[in-house]
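The values are calculated or read from the model by the stated rules, or taken from the named source; none is laboratory data. Owing to the predicted nature of the structure, the values given are computational and were not obtained by experimental measurement. Every residue, glycine among them, receives a Cβ derived from its backbone with ideal geometry; neighbour counts consider all protein chains shown. Only protein heavy atoms, including side chains, enter the accessible area calculation; ligands, DNA and RNA are left aside. Shrake-Rupley method; radii C 1.70, N 1.55, O 1.52, S 1.80 Å.
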Amino acid sequence: MVAETINIKNKALLKDQCYINGEWMGANDGSSSEVTNPANSERLGSLPNCGADEAILAITAANKAQKIWAKTDAKERSSVLKNLHHLMLENQMDLATIITLEGGKPISESLGEIAYAASFFEWFSEEAKRVYGDLIPGHQYDRRTLVIKQPIGVVGCITPWNFPSAMLARKIAPAIAVGCSVVAKPAPETPFSATAMAYLSELAGVPKGIFNVVTGDAEKIGSAMTSHKDVKKITFTGSTAVGKHLLKASADSVKKVSLELGGHAPFIVFDDANLEAAVEGAVIAKYRNSGQTCVCANRIYVQSSIYDDFSQRFTEKASELVVGNGLDESTQQGPLISENAIEKVSNHIEDAKNSGAIITTGGNPHSLGGLFFEPTVLTGVSDEMLISKEETFGPVAPIFSFETEQEVIERANNTPYGLAAYFYTTDLAKSWRVSEQLDYGMVGLNTGIISTEMAPFGGVKESGIGREGSKYGVDDYLEIKYVSLAGIED
Ligand code: SIN
């Protein structure tokens, strides 16, 4: 059931059932889970609380459908993805409203997320036609070696609440492009974005069984995916802890696994940087989605000679951010996703404060109440504090001081995470040196925004395995096979 109060134009996008083998259906036992709006705790609706049986039904359908989909030509696969790209953009406002209602994101950011999600369908509709093989010279005079790339098969896909549309699109677009099928489990907080995408995929011409959405019990659905012999690959975006669990669970059947996990991004400002641009970049990198992205700046390192100036300007900007319901167009920071998120943010602030950090703005739950929290800035932060070790996933910016290039590189790399890093400098040689020495999958140089469908998104160390988006984004959904051709004699 979907609440009648949800105000969107195209009500057909509001689907309150799972999508399995082209059919909309409930959980076998009829149970469902409630979805609420984090901005006001209002009920948005409920979706089926499925488990292993429904997941297996979807996997079986996906396996059957994939055998046929793999035989279609690249142009056909490209064309349905192009349709989906257009449909997403035609429904951009409604889809963005769903994101804001489920996840609390400011509407301007939700509109951006839909454009971002749609861009993956466009990008991979183009890449579908460029899955090239190779012809390798023979190792004997009568031999040639032919390399072909084939779809891996059924993909189990588990997606997070912080980008409920874009993260799903970033996974299913390359899968569908190369001839795979997908069984997706969206986050329980934001399932309506996924069922809306399934509805549009049907209109776009994605055949039944190729894209399935199963909502419900994470443990049961996840286990069904990792243990099923017909699931050949698992792709997950979310916490490092869950990623490690999925990796272990996939080991028995040796599945290919792609993981986009937690981050703890350093944001370094050298004293030769354009300060105004650095402040602006840091505000975007920190407060995007209320600090709830894996690539958010978590540790802002500022060279000592500009520390006070930077901190003052940054504090000023942070304190001007408008907090409110994401549906209000003036809102720049929405609510956090849950009470647990509020608790983590409060713990990090409390720990830093007790160890001598100074709160220059914010520091408390917002006067709006509920899950709203003040944009917060901490100065005088040291490497011993909890916030310098753990991902905060909230609107708290700790500012550290540093003296030298080598020192800050060491401190920035001193973490098990390795997703995104940022730095600001106008020195060309330093730009190369630092970019190369940061142990991260992605580096933003003089920018606080690095996300685009055209670049390979992903991390090193405990931040993940594999890359999403870009020309590399198809690799994780393909197997390489070589054919040795013999008997080519004169
Ligand atoms: C994430 O937070 O996991 C993804 C953010 C992005 O794609 O920009």
Quiz item: Mind checking whether some residue in the stretch 150-162 is over 20 Å from L246 (Cα atoms) and of a type in the set (F, W, Y)?
Solution: no
Practice problem: Under 6 Å between Cβ atoms, at least 6 apart or on separate chains: pull out the pairs that start in the stretch 443-464 with a residue that is at negative phi and end on any residue that is surrounded by 16 or more Cβ atoms within 10 Å (Cβ to Cβ) and among the basic types (K, R). | Solution: P456/R467
Quiz item: With respect to the numbered conditions (1) within 16 Å of the ligand (Cβ to nearest atom); (2) open to solvent by 10 Å² or more (accessible area, probe 1.4 Å); (3) part of a loop (DSSP other than H, G, I, E, B), which one is the sole condition not fulfilled by K208?
Solution: (1)
Quiz item: Taking into account only those residues within the stretch 158-185 that are more than 14 Å from the ligand (Cβ to nearest atom) and not in a helix (DSSP H, G or I), which is farthest from the chain's Cα centre (by Cα)?
Solution: G179
Exercise. Could you tell me whether F373 is out of contact with any Lys or Arg (no Cβ under 9 Å at 6 or more places or on another chain) and either buried (at least 20 other Cβ atoms within 10 Å of the Cβ) or at pLDDT below 95 (or both)?
Key: yes
Practice problem: For the stretch 253-294, enumerate the residues that are within 16 Å of the ligand (Cβ to nearest atom) and part of a loop (DSSP other than H, G, I, E, B). | Solution: L261, G262, G263, H264, Q292, T293, C294
Quiz item: Is it true that V302 is more than 27 Å from the chain's Cα centre (by Cα), surrounded by 24 or more Cβ atoms within 10 Å (Cβ to Cβ) and more than 16 Å from the ligand (Cβ to nearest atom)?
Solution: yes
Quiz item: So which residues in the stretch 322-339 are in contact with a strand residue (DSSP E or B) (Cβ under 9 Å, 6 or more places away or on another chain) and surrounded by fewer than 20 Cβ atoms within 10 Å (Cβ to Cβ), if there are any at all?
Solution: V322, G324, Q332
Quiz prompt | Count of the stretch 218-241 residues which are touching a residue at least 24 places away in the same chain (Cβ under 8 Å) and either part of a strand (DSSP E or B) or closer than 20 Å to P164 by Cα (or both) | solution = 13
Exercise. May I ask you to verify whether M197 is within 18 Å of G464 (Cβ to Cβ), open to solvent by less than 20 Å² (accessible area, probe 1.4 Å), under 18 Å from the mean Cα position of the chain (by Cα) and in contact (Cβ under 8 Å) with a residue 12 or more places away in the chain?
Key: no
Practice problem: Could you list all residues from the stretch 407-423 that are buried (at least 22 other Cβ atoms within 10 Å of the Cβ) and assigned to a loop (DSSP other than H, G, I, E, B)? | Solution: T415, Y417, G418, L419
Quiz item: For the stretch 462-469, does any single residue satisfy the condition of being modelled with pLDDT of 95 or more and part of a helix (DSSP H, G or I)?
Solution: yes
Quiz item: Which of the following residues is more than 12 Å from the ligand (Cβ to nearest atom), of a type in the set (S, T, Y), closer than 18 Å to D271 by Cβ and surrounded by fewer than 23 Cβ atoms within 10 Å (Cβ to Cβ): T447, T426?
Solution: T426
